[in-house]
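*Asks:* Below you'll find the structure I mean.
Throughout, read-outs are computed from the coordinates displayed, never taken from laboratory work. The shown structure was predicted, so the numbers you read here are calculated from the model rather than taken from an experiment. Virtual Cβ from ideal backbone geometry, glycine too; neighbours counted across all protein chains shown.
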Amino acid sequence: MEKSYTYGAHAHWTMHKRGILDAGDIPRTINFAAPPEFGGEPGLWTPEHLLLGAVATCYVATFRAIAEASKLVCDHMEVFVEGRIEKQEGGFRFTQIALRPSVRIEKEEDRARAERLIGKAERACLVSRSLSCEITVTAKIELQEPVTAH
């Protein structure tokens, strides 16, 4: 496995207070603006949402890979993420990001392993490990409903 990888993206201002984000061979672009609180247009992705989206998607991908390698049967996994920005010396910055993963397991005896893997994914998530703000994880683990024959 390589020891380093390089990724790129390109953002440019288009009109009014909007911009477009693209990345090389990815065919779809993302329209973005500053948040309305900072004079941007409502209804568009913001840099703040994109950062939280990067944390959420990285966590999901990391958990999936770890669960698969650990042979944990999990038929559902999602994560909600919420970030707090605060004005500090030098300007606004993210001070806290809260991740709330929800995992559905097949057997009760997998609960402890699922909890361990949730923690492992938190420690291994590339994007959240790259940030300097506090990151908390509060997980919910549910048991899959048994299938009943009719």
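*Asks:* What are the residues in the range 94-131 that are within 15 Å of residue 54 (Cβ to Cβ) and without any contact (Cβ under 8 Å) to a residue 12 or more places away in the chain, if any?
*Replies:* Selection gives 129, 130.
*Asks:* While we're here: Every residue in the range 1-14 that is more than 21 Å from residue 48 (Cβ to Cβ) and either of a type in the set (A, V, I, L, M, F, W, C) or outside any loop (DSSP other than H, G, I, E, B) (or both), please.
*Replies:* Once the filter is applied, which keeps residues that are more than 21 Å from residue 48 (Cβ to Cβ) and either of a type in the set (A, V, I, L, M, F, W, C) or outside any loop (DSSP other than H, G, I, E, B) (or both), the range 1-14 yields only 1.
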